[in-house]
Amino acid sequence: MKEGIAYAIMGLGYGGFYALMAIGIVIAYKGSGVINFAHGAIAMYVAFQFSYLRSEGTFRFPWLDPIPTSFLNLPVTLSLSNGEPINFWIAVLLSLFTALILGAAIHYLVFKPLRNAAPLGKVIGAIGVMTYLLGVGSKHFGSNQPQPDGVLFPDKLLKNFLGLGLGVSAEALALAGVSIIAGAVVWFIYKYSRIGLATRAAAGNEKGAVLLGYSPDRLALFNWLLAAFLAGLVGILTGTVTGALGTGKFTGLIVPALGGALIGSMSSIPLAVLGGLLIGSLQTFVGTYVSGLSWFPAWLYSGARDSIPLVVIVALLFLRGKSLPIRGNIEEKRLPLAPYPKRIGKYVAIFVPLGFLLSAGFPGDFLFAGLNGRWGMALTTSLIAGMFGLSFVLLSGYVGQISLVQISLAGIAAFLTARLMSHYGPSDSNPFAVGGLHLPWPVAMVAGVAVATVVGLILAVPALRIRGVQLTVVTIAASISLYSFYFDNPKLTSLQGGSSYIIQPPTFFGIKFGSTGSQGLTDNPKFALFCLIVLAGLSVILANLRRGSSGRRFLAVRANERAAASAGVNVAKTKFLAFGIASAMAGVAGVAGAFQAGSTSAPMWDYGVGLSALAFCYLGGITSINGAILGGMIAGGGMVATFGNFHSPGLYSYIPIFGGMGMILTAIIHPAGQASIFQPLMRHFGSWLLTARGKEWGVVLRRLAPYLIGGGIWGAIGINPWRTDTYNRTWMIILGILIVLFVRNIVVQVKAAKAANALPDTNSLQEVTA
Amino acid sequence: MSALLETNELTVSYGGLHANSNVNIKAEKGKLTGLIGPNGAGKTTFIDAITGFTNVSSGRAEFNGKDLAGVAPDERAKSGLVRTFQSLELFEDLTVWDNLIVMAEETKWWSFLADIVRPNRVLGIEEQAEWALNLLSLGEHRDKLTLDLSHGQRKLVSVARALAAKPSMLLLDEPAAGLDTVESQQLGKHLREILKQDISIFLIDHDMGLVLSVCDYIYVLDFGKIIAEGTPEEVRNNPEVKRAYLGETAGEMQAEGGAAAARSLSGEG
Amino acid sequence: MSESLLKITNLNAGYGGIAVVRDLSIHVNPGEVVALLGPNGAGKTTTLLTISGLLKPIAGDIQLLGSSTTGDRPEKISRRGLAHVAEDRSLFFDLTVQENLRLGLTGNRETRSKSQENALDMFPALRPLLSRRAGLLSGGEQQMLAMARGLASEPKMLLVDEMSLGLAPIIVERMLPIVRRIADDTGAGVLMVEQHVGLALAVADRGYVLAHGELTMEGSAQQLRDNQSLLEASYLGGEAH
Ligand SMILES: Nc1ncnc2c1ncn2[C@@H]1O[C@H](COP(=O)(O)OP(=O)(O)OP(=O)(O)O)[C@@H](O)[C@H]1O
Ligand SMILES: Nc1ncnc2c1ncn2[C@@H]1O[C@H](COP(=O)(O)OP(=O)(O)O)[C@@H](O)[C@H]1O
Ligand SMILES: [Mg+2]
Ligand SMILES: [Mg+2]
């Protein structure tokens, strides 16, 4: 037991790190109502900045020069001392300065415009910032992973600490101490200064704060600076605690930190510090000490450490929560309206054959000769991402539950289906292959999806009492736990050394519908057709749910749980129904994904994949079915990305950066998603295909002609004539047209808003209070 | 004849605060029962307690002769005990019509399967919703989002929504707050019409013009306790009620104004 | 002209570029209580929101304490000495009653504790509730808190929307003299929206009647009282549409 206590004390190192992060997260939440998923990424950027300043004296701005030219380049890297390390304190100052710049930029560019957005919009904004910073970070610093020097008592080990028999590093204790001091200072500021009180006020009711003469903007700025400063502190102080620096490092550790913040209800600083320390300490205690004890089951070993935050927060929040919100709960801002789907028959009748035509045409590359079926692959990827997006539309768009565990459910269905279908054991060609029951695919798929549904229903239990962004954090924690507990746990999956399950292609009356086409690529049109039909089927199911009594109950629960209960809607049952159906949809998408890949392994179902899927679905439009499908088109590896890849060979490494910026922009400009722009277009397009009249085409073409021609010419010049990188001229024309149309669209939007002649923010204030 | 809704020593405590203590209220079938009392007296708490939105500390509440203890809020609504909220609480992203339909529709566990096959199947509830809509003259706003209506209209939608459920008892929490004098008089007329439809009403409001003119029987709550009950006339002349609630002039003026306006309205009609 | 605390000339105000209030001219002098009356949807709230800068006027001018507020942000207008008790009360539900009040206070430590005491004296019902979360208050208690918070800032110009909304008659009865006293004692101007016409005209010096966004009547309280039938007609007219 003595040993156990020593481990718990060692865990305080991580605990201090979580606690420091948790303080920053709480501040950002108070100031802007944002669950700041980017907090770890800010810390990461500063950690690298500090490390590079200390090792080679270079300072890097958190941006890139997207199109390098022979002159007039954005400054990106400043060399301050000809490659020599610079003074420790100057490095500290410059690093904290970086953090403050990031904080101010995040406030002005992202969360100020998003001030009145729904919580999901802010989540997407935060994910966008995170994606951007990770992208820039890996461009700037990705080449190596420095092992930074410790700052607080490096390498000092307190031997036989407190007579417990084990050595504890002084750094761990110091970090815990720093977190407590920082917590005390911040707590003092919030408790006794007016700015603290006003921050809490403005977070709850902005109109009230404005009417009393407080500027919510300045309050939010102050909070962002403070939060970013703390993130910077984390970056500087905790380099060694987390081992070698990597861009992904801090982001993964944000979940235990969020757990700490949630223990403080996203508002109490002392409780957040305590929560962070507790989680860190418990993790090491359970993960290192308890799991080493002889009675500890081996199959639990893998998930033990990562499940701690989940267990702690679910237990606490569930006990604290109520089955219906009590009076005087601050109502969350609404998501965009969920449109009533119309003309479903027509849609299906037009787009399924169209999709079929496209998919059947691709292997021959009738349009894009020589591209080797890339398009076929992209189309299936998009269709599957679309299916997955439908589960978000149902759960988040219709019922307002932001769940990030869908990716794990998809994975569970895929893993089980693969396992149940498998008949090979290990062989010479694949010593890692895992044997199974050799069930036919429909049976295996139904079983896999059923299990995913059951797991989804179990995960719905916390949702009965935990709401809003808190639920989001719980589901991320669940996703991470499931990953290490199941997907990455050879004891349960029998997958050795990160290998993958092989999955047999589905057959239909003897015809193989597998994704592998004639050239050995995963571009088989039959499989695209298979996905197309499944997607259409799921869409029709979802559309009908939305139009029927279930849809009304979904939206009623999303709008107001108390009122829903008073209207005789059983809120718990409605949530279960939504979670169940959404889990099944995610499961189907997961199995389809496995069929496409021909195999499935843990990394396919990582929570990061789920985050970006959610973000793409939001970009498409999370409250509508079209949005999910469009989200699939723009998803990673989908149609749009494949298309964009022709821009220039080097684009690939820029995708996170542009992706992040895209997410932020969409969250700000089109909370209803891009689909709402395409909606009228698609509608007319559908009718035109049937009754194509030259006249109408003419009108549209004439209106858009200047933009098409202008954009095309601009693209032909190469967007920027002075650029020095290599690129594909043909595709630049299309890119030029797209950029011009996009900018035109923004201008039209802004003009419309101007014409409405209201201060943009008070306009939305009115909406909230009306 | 036993009352439709009856509470027996109903007590609700929040920490040390007794928001309702030993409240005995009977609301008879076919009658309009009123509940008045100063701010913070516990009126809303009473409705919350009998509709299941807050926990009862002790005492009983019976509806239609059945004990309500342990019945979930949505079950109570389905059994005919339907409320409105002081703070509106509409479904802002549904149209007025859909707000009403959510309330009216009966759902089974398999409803979602039926939805997948036939989302627009006839539910047989439109009639009731239509009636509620027309009664409160909201017909023209049928397909608008509740978000786009003015405050007074939203108030009426909340009443219409409750009516759409074809309740046997309708609990109204300050339906006239924010209505102007004319609107509140019209509301009074509607309430009497609703009573004729075999719907009993339990009304909370501070608009004495309305309360005193439409109620059959009134209870007065102060600091969580019933301090008086009786017909409007009795309550109005009760010195205790005057002291705690009506005051000397304001209540009088409202009551007079209400009566006068009611006269003028009926003179017109 | 410089005498008026608030002077609105030919104001057009509304939402999304569509005027809900048209060609409105009103003024409030120091020490005056002015009632803004009219049926629901007449545009009273819209007028007040525009005065405090939460809505941008479509046309016309608003002078507060002698200078135009055009283009000023609402927080700046508020700091000039305008308090607005909004129709939705705009309380901070997560803060306690005490904290809500504190945010309304201005000035140094001493004047602050004094104005808080003053506000609480006017609404003694709030005293036992000081440490309760504002979101838990009953509807009427919230209304009192909103009023108290508005008064705590010792405004030069006070806008009150739907003053008696959800208040017990006895509270309304006590509140009206308070409003009167504030105007008399501090010389502040009060513009109040009130559904109980009789009560409002009992304390007000003057009144304006709005219907369909246009001024239909104005005059001293006495004149309006004498013209009861005309007044009622404007309410009924408001209902007809
Ligand atoms: N959840 C709660 N926790 C603590 N106190 C509460 C809670 N809910 C209500 N109260 C208090 O209980 C008292 C009664 O509230 P209630 O809303 O029932 O009053 P009311 O009679 O409806 O008043 P009004 O006429 O102003 O609406 C109030 O003082 C209120 O602050
Ligand atoms: N946010 C809004 N958007 C559009 N119209 C609104 C909004 N708020 C109010 N209105 C409309 O403006 C008119 C005047 O409303 P309001 O000023 O609230 O009236 P009052 O306060 O006099 O009852 C009404 O017709 C109402 O429907
Ligand atoms: Mg109440
Ligand atoms: Mg109003």
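The values are calculated or read from the model by the stated rules, or taken from the named source; none is laboratory data. These numbers come from a predicted model, not from an experiment. Neighbour counts are summed over all protein chains in view; Cβ atoms, including those assigned to glycine, are modelled from backbone coordinates with ideal geometry. Side chains are part of the model used for accessible areas, which takes the heavy atoms of the whole protein and leaves out ligands, DNA and RNA. Shrake-Rupley method; radii C 1.70, N 1.55, O 1.52, S 1.80 Å.
Rounded to two decimals, what ratio of Rg to Rh does the range B:8-159 give with C-alpha atoms and a Kirkwood Rh?
Values: Rg = 18.0 Å, Rh = 17.8 Å.
Answer for the range B:8-159: 1.01.
List for the range B:137-152: residues with 50 Å² or greater reduction in accessible area, all protein chains versus chain alone, probe 1.4 Å?
With the partner chains in place, the range B:137-152 has these residues losing at least 50 Å²: B:Leu147.
Mind listing the phi-derived Karplus ³J(HN,Hα) values for the range B:2-9, rounded to whole Hz, using 6.51, -1.76 and 1.60 with θ = phi - 60°, and x for any glycine or proline?
Per-residue couplings from phi come out as 8, 6, 5, 10, 9, 10, 10, 6 Hz.
Please provide three numbers in whole Å: the alpha-carbon extents of the range A:507-589 along the principal axes, with the largest listed first.
60, 21, 18
Using a loss threshold of 30 Å², tell me which positions in the range C:159-185 are less accessible in the complex than in their chain alone. Probe radius 1.4 Å, ligands and nucleic acids ignored.
C:Leu165, C:Gly166, C:Ala168, C:Pro169, C:Ile170, C:Glu173
Over chain B, with a Gaussian network built from C-alpha contacts below 10 Å, which listed residue (B:Asp222, B:Asp180, B:Asp98) shows the highest mean-square fluctuation?
B:Asp180
Check each of the chymotrypsin sites (Phe, Trp or Tyr not before Pro) in the range B:80-133 and keep only those in coil by DSSP with at most 16 other C-beta atoms within 10 angstrom; list them in order. Let's see the in-between values first.
Values: sites: B:Phe85, B:Phe91, B:Trp97, B:Trp109, B:Trp110, B:Phe112, B:Trp131; in loops: B:Phe85, B:Phe91, B:Trp109, B:Trp110.
Loop-located and lightly packed - B:Trp109, B:Trp110.
In whole angstrom, how far apart do the alpha carbon centroids of the range C:39-109 and the range A:523-580 sit?
Centre-to-centre distance over Cα atoms comes out at 43 Å.
How about the range B:85-111: which of its residues lose at least 20 Å² of accessible area in the presence of all protein chains relative to their chain isolated, using a 1.4 Å probe?
By number: B:Phe85, B:Gln86, B:Glu89, B:Phe91, B:Glu92, B:Asp93, B:Leu94, B:Asp98, B:Val102, B:Met103, B:Glu105, B:Thr107.
Convert 10 °C to kelvin, take the viscosity as 1.306 mPa s, use the Kirkwood radius over C-alpha pairs of the range C:118-219 as Rh, and evaluate the Stokes-Einstein diffusion coefficient in µm²/s, rounded to a whole number.
Roughly 109 µm²/s, to the nearest whole number.
Can you give me the % of accessible surface on the protein assembly as shown that is carbon or sulfur? Probe 1.4 Å, all protein chains present, nothing else counted.
Working: 30320 of 49710 Å².
After summing per-atom areas, the C and S share lands at 61 percent.
Ordered by residue, what ³J(HN,Hα) values in Hz, to whole numbers, does the range B:190-200 give under the Karplus form 6.51 cos²θ - 1.76 cosθ + 1.60, where θ = phi - 60° and Gly and Pro are x?
With coefficients 6.51, -1.76 and 1.60, one gets 4, 4, 5, 5, 4, 4, 5, 8, 6, 10, 7 Hz.
For helix C:228-240, what angle does its Cα long axis make with the longest principal axis of chain C, in degrees from 0 to 90 and rounded to 10?
Compared with the principal axis, the helix lies near 90 degrees.
For the pairing of chain C with chain A, what total accessible surface becomes buried, with a 1.4 angstrom probe, in square angstrom to the nearest 100?
What C and A bury together is about 3000 Å².
Given just the C-alpha atoms of the range A:113-247, how large is their convex hull per residue in cubic angstrom? Could you put the intermediate results ahead of the total?
Details: hull volume 20.0 nm³, N = 135.
It comes to 148 Å³ per residue, whole-number rounded.
Solvent-accessible area per residue for the range B:19-105 at a 1.4 Å probe radius, Å²?
31 Å²
Treating each Cα of the range A:344-607 as an identical point scatterer and ignoring solvent, apply the Debye formula and state log10 I(q)/I(0) at q = 0.07, 0.11, 0.17 Å⁻¹.
Results for the range A:344-607 at q = 0.07, 0.11, 0.17 Å⁻¹ read -0.27, -0.65, -1.28.
Dividing the Cα convex hull volume of the protein assembly as shown by residue count, how many Å³ per residue is that?
207 Å³
Summed for both chains, how many Å² of accessible area, to the nearest 100, are buried between C and B with a 1.4 Å probe?
The contact between B and C buries close to 2200 Å².
Net charge near C:Ala134, counting Lys/Arg +1 and Asp/Glu -1 over other residues with Cβ under 10 Å of its Cβ?
Result for the local shell: +1.
Could you tell me which of the pairs B:Lys26/B:Lys78; A:Lys207/B:Lys242; A:Lys191/C:Lys76; A:Lys122/A:Lys575; A:Lys207/B:Lys144 are separated by over 28 angstrom between their Cα atoms in the structure shown?
In this structure, A:Lys207/B:Lys242 exceed 28 Å between Cα atoms.
Mind checking the alpha-carbon convex hull of chain C and giving the volume per residue in Å³? It would help to have the intermediate numbers written out before the result.
Working: hull volume 30.1 nm³, N = 241.
For chain C, the hull spanned by Cα atoms encloses 125 Å³ per residue.
Am I reading the A/B interface right? What is its buried accessible area, both sides, 1.4 Å probe, to the nearest 100 Å²?
That pair hides around 3000 Å² of surface in total.
In square angstrom, what is the accessible area per residue of chain C with a 1.4 angstrom probe?
Heavy-atom SASA per residue in chain C reads 37 Å².
So if a site counts as exposed when it's one of the trypsin sites (Lys or Arg not before Pro), its DSSP state isn't H, G, I, E or B, and it has at most 12 other Cβ atoms within 10 Å, what's the longest stretch of chain B without one?
B:122-269
If one takes the longest principal axis of the Cα atoms in chain C, at what angle in degrees, from 0 to 90 and to the nearest 10, does the Cα axis of helix C:139-152 lie?
90 degrees
Cα gyration tensor of the range A:2-320, axes a ≥ b ≥ c as square roots of the eigenvalues: rounded (a/c below 1.5), prolate (a/b > b/c) or oblate?
oblate
Which whole-number value in Å² is the accessible area per residue of the range A:344-607, probe 1.4 Å?
Per residue, the range A:344-607 has 33 Å² of solvent-accessible surface.
Please enumerate, by chain and number, the lysines with C-alpha under 24 Å from the C-alpha of A:Lys159, excluding those fewer than 8 residues away in the same chain.
Qualifying lysines at Cα under 24 Å: A:Lys2.
Return P(r) of the range B:90-166 (all Cα-Cα pairs; 5 Å bins starting at 0; whole %; ordered from short to long distances).
Calculated over all Cα pairs of the range B:90-166, the distribution is 3, 17, 28, 21, 15, 10, 5, 1 percent.
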